[in-house]
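First up is the structure itself, then whatever we jot down about it.
The values are calculated or read from the model by the stated rules, or taken from the named source; none is laboratory data. Bear in mind the structure is a predicted one, so any value in this text is a computation, not a measurement. Backbone-built Cβ (ideal geometry, glycine too); neighbour counts: all protein chains shown. Accessible surface areas use protein heavy atoms only, side chains included; no ligands, DNA or RNA. Shrake-Rupley method; radii C 1.70, N 1.55, O 1.52, S 1.80 Å.
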Amino acid sequence: MHDASYLIDQGEGFRTEFKETLRFDKRKGEVSKEMERVVMKTIVAFLNAKGGTLLIGVNDKGEIVGLEEDYKTLPKKNRDGFENHLNMLIKTMIGLAFTKYVGIKFSAIRTGGSANAEGGEKEVCLVSVGESHRPAYLHNGRDKEDFFVRVGNSTQPFSMSETEEYIKTRWSSV
């Protein structure tokens, strides 16, 4: 796996995605289950494609925003609490069987300062996702499952017929 700075410099693509936060909606100023769902969609899409790396704490422009806002929302307000929460989301929204394909690590990245401000370090979370041996679905809480795949540099939902065809060609032994 590449280091965070290298991946950020390369930008988003088929195997790399940036998310500003895991759960804190900066626009609304509150915790959002929808933000968590968007992160889980990306993980499912990587599982169903060729794997990839999700960087949390980096916005779409490649600017490092860090994890502080997310940390503040957790009972344990640090990287350990963040990792525990992320693992719990993966287990409940994707499934325990898929946790073996997901690695979580943290990286402190130096951010530049301006003439009046000192630069500092901000933490980002690198979620490395391997290629799954079988289809992965996102549980949407209503006894339904959604199927996502990485297409180019975006995560795309598939219809039932598209999902069936994709599974036939991707996992021919399923």
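A few notes on this one:
- The residues listed here are Ser132, Ser128; of these, the one that is of a type outside the set (D, E, K, R), part of a loop (DSSP other than H, G, I, E, B), within 28 Å of Phe148 (Cα to Cα) and at pLDDT 95 or above is Ser132.
- Output for the range 151-166, where each listed residue is touching a helix residue (DSSP H, G or I) at 6+ places or on another chain (Cβ under 7 Å) and either among the β-branched types (Val, Ile, Thr) or touching a residue at least 40 places away in the same chain (Cβ under 8 Å) (or both): Thr155
- Residue satisfying condition, being open to solvent by 30 Å² or more (accessible area, probe 1.4 Å), within 24 Å of Leu7 (Cα to Cα) and of a type in the set (Ser, Thr, Tyr), within set Thr92, Thr155: Thr155
- Residue count, the range 1-36 (criterion: under 23 Å from Gly152 (Cβ atoms), part of a loop (DSSP other than H, G, I, E, B) and not small (Gly, Ala, Ser)): 6
- For the range 62-83, the criterion of being open to solvent by 10 Å² or more (accessible area, probe 1.4 Å) and within 21 Å of Arg150 (Cα to Cα) is met by at least one residue.
- Candidate set from the range 9-37 (those that are more than 8 Å from the chain's Cα centre (by Cα) and hydrophobic (A, V, I, L, M, F, W, C)); member that is most open to solvent (accessible area, probe 1.4 Å): Phe14
- Filtered residues of the range 131-155 (kept if hydrophobic (A, V, I, L, M, F, W, C) and under 19 Å from Glu36 (Cβ atoms)): Ala136, Leu138, Phe147, Phe148
- For Gly120: the one exception among (1) open to solvent by less than 30 Å² (accessible area, probe 1.4 Å); (2) closer than 24 Å to Gly51 by Cβ: (2)
- Candidates Gly57, Gly51 - the one that is surrounded by 13 or more Cβ atoms within 10 Å (Cβ to Cβ), more than 22 Å from Asp146 (Cβ to Cβ) and small (Gly, Ala, Ser): Gly57
- Ile43 meets each of the listed conditions (1) under 13 Å from the mean Cα position of the chain (by Cα); (2) among the hydrophobic types (A, V, I, L, M, F, W, C); (3) farther than 18 Å from Arg150 by Cα apart from (3).
- Which numbered condition Thr99 misses (of (1) at pLDDT below 95; (2) among the hydroxyl-bearing types (Ser, Thr, Tyr); (3) under 24 Å from Lys33 (Cβ atoms)): (1)
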